[in-house]
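Report on the following structure.
The values are calculated or read from the model by the stated rules, or taken from the named source; none is laboratory data. Since we're looking at a predicted model, the values are computed, not measured. Glycine also receives a Cβ, built like all others from the backbone with ideal geometry; neighbour counts cover every protein chain displayed.
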There are 2 protein chains.
Amino acid sequence: MSVSTEVSPIPADVLTRFVADVFRSQGVRTEDADSVAHLMVEADVGGYGTHGVFRLRQYLARLRDGGCNPTPKRQVVSETAATALIDGDNGLGHLAMRAACNLAMAKASDVGIGWVGIRRGNHAGPLALYVRPQADAGMIGMAAAVGSANHVPPFGGTDLLLGTNPIAFSAPSNDADPFLLDMASTVAAMGKIKVLAQRGELMPEGWMVGKDGAPLTDPTRRGDGFLLPIGGTKGFGLSVAIGLLAGVLNGAAFGADVVDFTSDTESETNTGQFVMALDISAFGDKAAFTRTVSRVFDEFRASPPLPGHDTVRLPGEGKTAAAAARRARGLDLNPGLRKELDKIAQETGVPGPFVDTA
Amino acid sequence: MSVSTEVSPIPADVLTRFVADVFRSQGVRTEDADSVAHLMVEADVGGYGTHGVFRLRQYLARLRDGGCNPTPKRQVVSETAATALIDGDNGLGHLAMRAACNLAMAKASDVGIGWVGIRRGNHAGPLALYVRPQADAGMIGMAAAVGSANHVPPFGGTDLLLGTNPIAFSAPSNDADPFLLDMASTVAAMGKIKVLAQRGELMPEGWMVGKDGAPLTDPTRRGDGFLLPIGGTKGFGLSVAIGLLAGVLNGAAFGADVVDFTSDTESETNTGQFVMALDISAFGDKAAFTRTVSRVFDEFRASPPLPGHDTVRLPGEGKTAAAAARRARGLDLNPGLRKELDKIAQETGVPGPFVDTA
């Protein structure tokens, strides 16, 4: 009988406890550590692996170097019946975003809509985390963020002055999944381009443009070019609109004052975001809404596929089942991330999360 | 001395009076006729020629054939401090949208935000008309609409179940122009493709796809293919989100129940839209907001252009000066539209608007 070299998936609750313990070891309050750990692992459970526990190293570096405040005193600095502005006091970004989501939903219950902005926030994982609760509560959700580093020039320009500025929407349906869209305003994400480079494959035209203005398709040359916004000037405009709503409106960073949160671990980022909730019953009947959503989605799915395409899929489709499977089976973290988490365990003195590598 | 064959531009107020008189001749109330005529001409003044007076023929056909109600009794059917739903009673679309814009701004003044949905509306010209007032009043604006005909399949499908579902944003700045973005969620508009066909030019790849799933670049073959959403699945998702927010939430049409308002002039369209206004002072200092917007926009403009590009332009840039010039000089309507308006004058018995063709 040989020793198995296969690694077992890690249960979500074991991973959550590990991440929370690590944060606690760095001076983060127990309640906050639990919240952030829960949301980070939820990102992995939801299939947003690039925005989940993978980010732990980055967050720790910022906590260690003073770029992020382990014990923030979050405050609502201005408020109406329908709006609020939260100052995140430079704490871990998930804390302010979760608070914004809860507050927006409470306001929507009261007056039909809640719009909550954040300043002095930080990277908070995928926006999906902060719009899914609205759909689960029978509301419509929207959220957006100023990206945590400027990787994108204004359309037709060459200075990196914009992030990938994501926006997300959610709505309940009668299907297995709510409608759930979480998209960057660029055609491709850097992560996807790095994967193509590893595989030795080319990018399609339209993902990046070179410094010469010509299409760039070699992913290993990504440093010599620029990410393109979706729809050219349209995606650029959308990205600017997001920057104004999530950044400038809240007194948060936008443009040249955005701090690259990976390369600079010491400076406060003053990240800006917003979360919105709309109460469907302020406009009409909730049951009629979800019924119509599912009717339209069924029409979409019944549309004969274009050659080369599968059946039409709606944003968010299949996510509920995939998340349930990951919750039941555990999470398959890639070897690099497992190694990184073991290293973090050693550095922080927190017992590692992996039984088979202990 | 030869007789000049050149046509003079038509003063905006002359054109407005003509359009209002035409509507009145079709049973539209004077106040409503004046409002719609003003907004339609404002669209031309603002450079949105495809969504201005050019649409008069379409609107008249729908009024004549019962598809649009000349004497609507508009109602607010549900309301909170921050939200409202307007039933447009199937009147000319501009009326409900203007009312929604005014109501959203009033609510924003009261509680920081106003979100007003419309059902039983109609085509209302460019969304820009309903977000520019917010910027002029120092607010942020957003609006969206379910397109008035289904020209777009769901991503990867082949049935036409989506419109070009536009979305618009505005924000004040310290520049000559506010930020003003009014975009369809498809890469190209049908109008632009028709122009290329007239000129005998090809479309770039990415605008349309053929029924075989391959890129379609011959604009004369546009009937054999499909418009593509910006960013593929992203633009599709955005278009669906707009359909849910502007259509389903308001009890308006979305998906297969959208009526093609050009080919069918008899059926009520139940067009859905929404208009949002955000009061900047509910979040912070208005002067600081406009100062920061202009600082960031200056950074964008200072970015050295990519080869083949001009200086970076912001959405809405130059519109104020161009509109002032059109207001001073008059509007250059194309010969086809001038002929159409003369024909409408004859049909309705309203004196034609063009001195030189009278």
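Go through the stretch A:38-58 and give me each residue that's of a type in the set (G, A, S), surrounded by 21 or more Cβ atoms within 10 Å (Cβ to Cβ) and out of contact with any His (no Cβ under 9 Å at 6 or more places or on another chain).
A:G46, A:G52
Could you list, in sequence order, the residues of the stretch A:324-358 that are of a type in the set (D, E, K, R) and either assigned to a loop (DSSP other than H, G, I, E, B) or touching a strand residue (DSSP E or B) at 6+ places or on another chain (Cβ under 6 Å) (or both)?
Selection gives A:D332 alone.
I'm trying to understand the selection: among the residues of the stretch A:208-235, which are among the charged types (D, E, K, R) and at the interface with another protein chain (Cβ under 8 Å from one of its Cβ atoms)?
A:K211, A:D212, A:K234 - these are the residues of the stretch A:208-235 that are among the charged types (D, E, K, R) and at the interface with another protein chain (Cβ under 8 Å from one of its Cβ atoms).
Hey, any hits in the stretch B:120-132 for a residue that's at the interface with chain A (Cβ under 9 Å from one of its Cβ atoms) and not hydroxyl-bearing (S, T, Y)?
Within the stretch B:120-132, none of the residues are at the interface with chain A (Cβ under 9 Å from one of its Cβ atoms) and not hydroxyl-bearing (S, T, Y).
Quick one: which residue in B:A168, B:A176 is touching a helix residue (DSSP H, G or I) at 6+ places or on another chain (Cβ under 6 Å), within 12 Å of chain A (Cβ to nearest Cβ) and not aromatic (F, W, Y)?
Just one listed residue meets the conditions, B:A168.
Yes or no: A:V45 within 24 Å of A:N334 (Cα to Cα) and of a type in the set (A, V, I, L, M, F, W, C)?
The answer is yes for A:V45.
Which count do you get for residues in the stretch A:296-344 that are within 25 Å of the chain's Cα centre (by Cα) and more than 17 Å from A:L181 (Cα to Cα)?
21
Suppose we filter B:V36, B:V41, B:V45 for residues that are aliphatic (A, V, I, L, M), out of contact with any strand residue (DSSP E or B) (no Cβ under 6 Å at 6 or more places or on another chain) and within 18 Å of B:A145 (Cβ to Cβ); which single one remains?
Of B:V36, B:V41, B:V45, the one residue that is aliphatic (A, V, I, L, M), out of contact with any strand residue (DSSP E or B) (no Cβ under 6 Å at 6 or more places or on another chain) and within 18 Å of B:A145 (Cβ to Cβ) is B:V36.
In the stretch A:297-322, what residues are closer than 27 Å to A:L56 by Cβ and surrounded by fewer than 18 Cβ atoms within 10 Å (Cβ to Cβ)?
Within the stretch A:297-322, A:G318, A:T320, A:A321, A:A322 qualify.
Can A:D110 be described as within 10 Å of chain B (Cβ to nearest Cβ), under 11 Å from the mean Cα position of the chain (by Cα) and at pLDDT 95 or above? Spell out how you get there, then give the answer.
Numbers: within 10 Å of chain B (Cβ to nearest Cβ): yes; under 11 Å from the mean Cα position of the chain (by Cα): no; at pLDDT 95 or above: yes.
So A:D110 fails the test.
Given (1) closer than 28 Å to A:L85 by Cβ; (2) surrounded by fewer than 22 Cβ atoms within 10 Å (Cβ to Cβ); (3) at pLDDT 95 or above, identify the lone condition not met by A:D285.
Of (1) closer than 28 Å to A:L85 by Cβ; (2) surrounded by fewer than 22 Cβ atoms within 10 Å (Cβ to Cβ); (3) at pLDDT 95 or above, only one is false for A:D285: (1).
Please determine, by comparing only the residues of the stretch B:212-240 that are outside any helix (DSSP H, G or I) and in contact with a helix residue (DSSP H, G or I) (Cβ under 6 Å, 6 or more places away or on another chain), which one is surrounded by the fewest Cβ atoms within 10 Å (Cβ to Cβ). Steps first, please.
The first filter runs over the stretch B:212-240 and keeps only residues outside any helix (DSSP H, G or I), leaving B:212-218, B:225-232.
The next check asks that each one be in contact with a helix residue (DSSP H, G or I) (Cβ under 6 Å, 6 or more places away or on another chain); those that pass are B:229-230.
On the way: B:P229: 27, B:I230: 25.
By that ranking, first place goes to B:I230.
All but one of (1) more than 26 Å from B:K319 (Cα to Cα); (2) touching a residue at least 12 places away in the same chain (Cβ under 8 Å); (3) of a type in the set (G, A, S); (4) facing chain A (nearest Cβ under 10 Å) hold for B:A149; state the number of the condition that does not hold.
For B:A149, the failing item is (4).
Test each condition in (1) free of Cβ contacts under 8 Å to residues at least 40 places away in the same chain; (2) in contact with a Phe, Trp or Tyr (Cβ under 7 Å, 6 or more places away or on another chain) for B:D110 and report the one that comes out false.
(2)
Kindly indicate the residue of the stretch B:12-34 that is surrounded by fewer than 17 Cβ atoms within 10 Å (Cβ to Cβ) and in contact with a Leu (Cβ under 9 Å, 6 or more places away or on another chain) and also nearest to B:G49 (Cα to Cα) among those meeting that condition.
By that ranking, first place goes to B:Q26.
Could you list, in sequence order, all residues of the stretch B:28-42 that are in a helix (DSSP H, G or I) and touching a residue at least 12 places away in the same chain (Cβ under 8 Å)?
B:D32, B:A33, B:D34, B:S35, B:V36, B:A37, B:H38, B:L39, B:M40, B:V41, B:E42 - these are the residues of the stretch B:28-42 that are in a helix (DSSP H, G or I) and touching a residue at least 12 places away in the same chain (Cβ under 8 Å).
Just to be sure before I move on: is B:S303 in contact (Cβ under 8 Å) with a residue 40 or more places away in the chain, hydroxyl-bearing (S, T, Y) and either in contact with a Lys or Arg (Cβ under 9 Å, 6 or more places away or on another chain) or under 18 Å from A:L161 (Cα atoms) (or both) in the structure I sent?
no
Kindly indicate whether any position in the stretch A:11-27 is part of a loop (DSSP other than H, G, I, E, B), modelled with pLDDT of 95 or more and touching a Gly at 6+ places or on another chain (Cβ under 8 Å).
The answer is yes, given that some residue of the stretch A:11-27 is part of a loop (DSSP other than H, G, I, E, B), modelled with pLDDT of 95 or more and touching a Gly at 6+ places or on another chain (Cβ under 8 Å).
Only one of these is touching a Gly at 6+ places or on another chain (Cβ under 7 Å) and outside any helix (DSSP H, G or I): A:A253, A:A246. Name it.
A:A253
Within the stretch B:205-252, work out how many residues are more than 30 Å from B:A84 (Cα to Cα) and over 21 Å from the mean Cα position of the chain (by Cα).
Residues that pass the stated criteria total 24.
Can you pull out every residue in the stretch A:179-196 that is within 11 Å of chain B (Cβ to nearest Cβ) and not aliphatic (A, V, I, L, M)?
Matches in the stretch A:179-196: A:F179, A:D182, A:S185, A:T186.
State all residues of the stretch B:256-293 that are part of a loop (DSSP other than H, G, I, E, B), at the interface with chain A (Cβ under 7 Å from one of its Cβ atoms) and without any contact (Cβ under 8 Å) to a residue 12 or more places away in the chain; if no residue qualifies, say none.
The first filter runs over the stretch B:256-293 and keeps only residues part of a loop (DSSP other than H, G, I, E, B), leaving B:258-270, B:283-285.
Those left that are additionally at the interface with chain A (Cβ under 7 Å from one of its Cβ atoms): B:283-284.
Result: B:G284, single match.
Residue by residue through the stretch A:260-282, note down the ones that are at pLDDT 95 or above and closer than 22 Å to B:T292 by Cα.
Within the stretch A:260-282, A:S267, A:E268, A:T269, A:N270, A:T271, A:G272, A:Q273, A:F274, A:V275 meet the criteria.
All but one of (1) surrounded by fewer than 20 Cβ atoms within 10 Å (Cβ to Cβ); (2) aliphatic (A, V, I, L, M); (3) more than 21 Å from the chain's Cα centre (by Cα) hold for B:A61; state the number of the condition that does not hold.
(3)
If I ask for residues that are at the interface with chain A (Cβ under 7 Å from one of its Cβ atoms), part of a helix (DSSP H, G or I) and either of a type in the set (G, A, S) or out of contact with any Phe, Trp or Tyr (no Cβ under 8 Å at 6 or more places or on another chain) (or both), which ones from the stretch B:296-323 would you list?
Scanning the stretch B:296-323 gives B:E299, B:F300.
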